[in-house]
Every structure is written in C-alpha cells, then in structure tokens.
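Q: Got a structure for you, questions after.
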Amino acid sequence: MLKAVAFLATFLVASHAAAQEQRFFRIGTGGTGGTYFQIGGALASAISSPPGVPECQRGRICGVPGLIAVAQASQGSIENVQAIAQGKIESGLAQADIAGWAWRGSRMFRQSGRMEKLRAIASLFPESLHIVATEASGIAGLRDLSGKRISLGEPESGTLADVRLVLAAAGLKEEALKPRYLRIGQAAATLKSGELDAFFFIAGAPVPAIQDIAAATPIRLVPVPDKIADSIIKRHRFLVRDEIPAGTYSGVDVPTPTIGTTALWVVSADVPESLVYAILKALWQEPTQKLLQSRHPIGNRIRLENALQGIDIPLHPGAARYYQDEGIPLPPPILD
C-alpha cells in the first residue's frame with residue numbers, strides 16, 4: 001500500500017511539473033535610466049510564475065504558470081521591434097509611431113522592409129517629449145539649440161526618430177547643432193558634468209534620470225510651440241499634443257507644452273494565442289496594477305479601459321480574444 005501511495009505521489013509531482021513546463025519570455029525595454037526599463041521590470045515580475053512556485057492565492061500577483069519573464073535593457077523602440085522581427089525577443093515596449101512605421105515598412109524601415117509579424121497586445125501609457133536644458137546653457141526655445149551640444153537620443157531609438165521630425169518642423173538642420181547620440185543615463189551624466197547643453201528624451205513622466213538631474217542641477221524644459229506641434233501632428237497621426245505638468249521636476253514650476261505618443265506592448269505573431277491571453281489575464285488583475293503604481297508614477301495611467309487606445313497595428317489574436325471576453329469593443333481592422 002505504501003509503495004502504491006509513493007508511486008502515486010511521484011506520478012502527481014511529475015504530472016504537475018510537466019503541466020508547468022518552463023518557458024522564457026523576453027521583454028525589450030530601454031535604457032536603465034528611463035521609464036521603459038522600470039515598467040518592463042514590473043511587467044516581467046507580474047507575468048512570471050516559474051515552476052515550483054506555490055499556487056496563486058487571492059490578493060496576490062498571479063503570473064502565467066511555468067513562465068519566466070525577463071526585462072532586457074535596450075536602445076529603445078526601434079531596436080525592440082527589430083529584435084522581435086528577427087526572433088531575438090518575444091516582446092517589447094515601443095512607441096506607437098515606431099510600431100506603426102515598422103509594420104508598414106515606412107520611414108526608417110523602408111530599406112529593411114515591413115515587419116508584418118508585429119502585433120499589439122496592449123496600450124500602456126502616454127509618453128511625452130522632454131527637451132531638458134541646463135539653465136546655464138541659455139536655451140529657452142528650439143531656435144536656441146543651434147550651435148549647442150545636444151544629445152538627440154541614442155541610435156535605434158524612438159526618441160531620435162521623433163526628434164528629427166521636430167527639428168524639421170522647426171526648420172533646424174541636424175548639422176546646425178553639435179549633436180551627440182547618447183543613452184539617457186549617459187546624457188544625464190554628461191549634462192550634469194557641464195559637457196552637454198541639452199538632451200531630448202521621450203518617456204512617460206516623470207523620468208527617473210531627469211528627476212535626479214533636477215535635484216542636483218538647475219534645469220528648464222524647452223517647450224514645443226503650438227504652431228510646430230500642429231504641423232507635426234497634421235502629418236503624423238501617432239503623435240498628439242501633450243503637456244508636462246508643472247512640478248513634475250524640481251525647479252520646473254510651469255507646465256511645458258510638448259508632443260507625445262503612446263507606449264505599446266508589442267509581440268511577434270508567432271507567440272501562441274493562449275500565452276498572450278494568459279499574459280493579459282495576469283496584467284489586468286488588481287495586484288499587478290498596484291505593483292505597476294508602486295514602481296513608477298506612470299503606472300497610475302496603465303488601465304484596462306485605455307488598453308486599446310493609440311494602437312495602429314493589428315492586435316494579436318490572443319489579445320483580441322481577451323478584450324472581447326472582457327466586453328471591450330475592438331478597434332476596426334487596421335488597413336495597410
């Protein structure tokens with residue numbers, strides 16, 4: 001009898017282990033000083049539930065059984081969508097405009113071609129263009145950038161792509177500046193040391209690296225004038241008027257008009273439908289919402305009711321099924 005019980009216990013443990021087959025799921029984020037990295041880390045924690053973890057209990061975060069998610073630092077949106085298309089990662093965070101251009105094979109993706117397998121699973125939070133200058137630089141407007149030492153964002157980033165739209169709309173040529181192409185952490189450190197006059201960065205506010213600078217060095221946020229913002233928005237539907245509220249950063253006591261976009265969570269079409277459904281079930285539970293809010297203030301803006309806003313690439317079938325089950329109307333089919 002004891003042998004039978006021991007055999008049955010061994011069988012049940014083996015069956016449970018098989019049911020919880022270990023799977024890895026990578027999330028491309030951004031530089032370690034930016035919002036993508038912090039939110040990506042929270043997402044990875046929320047959806048992970050490695051084999052051997054106790055069953056989910058009420059009120060606690062319930063990940064996807066057997067899933068080990070990892071947030072990977074990257075250069076940002078462009079690198080993330082490219083890595084998804086190349087099968088190097090399963091998912092990533094990306095600006096809505098970058099994702100749209102990648103899926104259509106337009107702008108910076110013309111030569112590499114369409115990324116037809118790119119799919120959206122959720123719209124996460126709004127992102128604002130920050131133009132951060134030291135007070136000592138004398139930069140108050142876009143025209144003042146001419147001849148100054150400016151970081152335009154690192155190569156393969158969504159920031160650099162959108163900065164070029166702003167410069168073109170403002171009638172500024174890139175070569176008229178003294179451009180550098182730095183990660184947010186490098187840009188922040190170089191600005192603080194006085195070797196840089198200003199830098200651009202697109203992220204959900206507040207950005208940790210900018211908070212650190214503002215606490216140590218007098219800064220100002222350079223506005224994007226309404227006329228320039230309108231000319232950009234008219235041509236690029238993924239971008240919208242935006243405003244960084246007064247008091248977001250130490251010493252910046254007035255609201256700053258700018259432009260913005262939306263951060264999307266995107267995946268490959270090759271990710272199984274059942275896995276995407278399970279990931280979204282883990283994402284849109286109350287304990288996960290509390291985790292996101294605790295990691296970064298922008299977590300308060302990540303809400304189920306906004307999950308389909310600003311998406312202009314096809315939804316993954318697993319996402320479409322999840323939102324239908326939740327009673328959320330799906331957007332009309334995306335046309336090429």
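Q: In segment 316-333, how many residues are part of a loop (DSSP other than H, G, I, E, B) and either buried (at least 18 other Cβ atoms within 10 Å of the Cβ) or without any contact (Cβ under 8 Å) to a residue 24 or more places away in the chain (or both)?
A: Looking only at that region, the number is 7.
Q: Ok, one more. When Gln186 is evaluated against the numbered criteria (1) in a helix (DSSP H, G or I); (2) out of contact with any Lys or Arg (no Cβ under 9 Å at 6 or more places or on another chain); (3) free of Cβ contacts under 8 Å to residues at least 40 places away in the same chain, which criterion, by number, is the only one it fails?
A: Condition not satisfied by Gln186: (2).
Yes/no per residue for (1) β-branched (Val, Ile, Thr); (2) part of a loop (DSSP other than H, G, I, E, B):
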position	(1), (2)
Asp162	no, no
Leu182	no, yes
Phe199	no, no
Gln211	no, no
Phe238	no, yes
Arg241	no, no
Tyr249	no, yes
Asp253	no, yes
Thr261	yes, no
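Q: Now a separate question. Pairs only if they're at least six apart or on different chains, beta carbon under 6 angstrom, first in segment 222-248 and aromatic (Phe, Trp, Tyr), second assigned to a helix (DSSP H, G or I); list them, first residue then second.
A: Note: pairs meeting the criteria are Phe238/Ala96; Phe238/Asp97; Phe238/Gly100.
Q: While we're on this one: Looking for whichever is surrounded by fewer than 20 Cβ atoms within 10 Å (Cβ to Cβ), touching a residue at least 24 places away in the same chain (Cβ under 8 Å), in contact with a Gly (Cβ under 6 Å, 6 or more places away or on another chain) and not basic (Lys, Arg) here; the options are Ser146, Ser128, Ser74, Ser123. Which one fits?
A: Ser123
Q: Filter segment 304-315 down to the residues that are modelled with pLDDT under 95 and either in a helix (DSSP H, G or I) or not hydrophobic (A, V, I, L, M, F, W, C) (or both), then identify the one that is surrounded by the most Cβ atoms within 10 Å (Cβ to Cβ).
A: The residue in question is Gly310.
Q: Does Glu243 count as within 20 Å of the chain's Cα centre (by Cα), among the acidic types (Asp, Glu) and in the same structural domain as Ala203 (by TED's automatic domain parsing)?
A: Answer is yes for this residue.
Q: Now, a different point. Would you say Ala44 is in contact (Cβ under 8 Å) with a residue 40 or more places away in the chain and either surrounded by fewer than 18 Cβ atoms within 10 Å (Cβ to Cβ) or in the same structural domain as Pro287 (by TED's automatic domain parsing) (or both)?
A: In short, no.
Q: Any residue that is in contact with a Gly (Cβ under 9 Å, 6 or more places away or on another chain) and not assigned by TED's automatic domain parsing to the domain that holds Ala214 - is there at least one of those in segment 102-110?
A: For segment 102-110, residues in contact with a Gly (Cβ under 9 Å, 6 or more places away or on another chain) and not assigned by TED's automatic domain parsing to the domain that holds Ala214: present.
Q: Let me ask another. Just the residues that are surrounded by 14 or more Cβ atoms within 10 Å (Cβ to Cβ) and under 19 Å from Ile98 (Cβ atoms), please, taken from segment 230-240.
A: Selection gives Ile232, Ile233, His236, Phe238, Leu239, Val240.
The values are calculated or read from the model by the stated rules, or taken from the named source; none is laboratory data. All of these numbers come straight from a predicted model, not from anything done at the bench. Glycine gets a Cβ as well: all are built from the backbone with ideal geometry, and neighbour counts include every protein chain shown.
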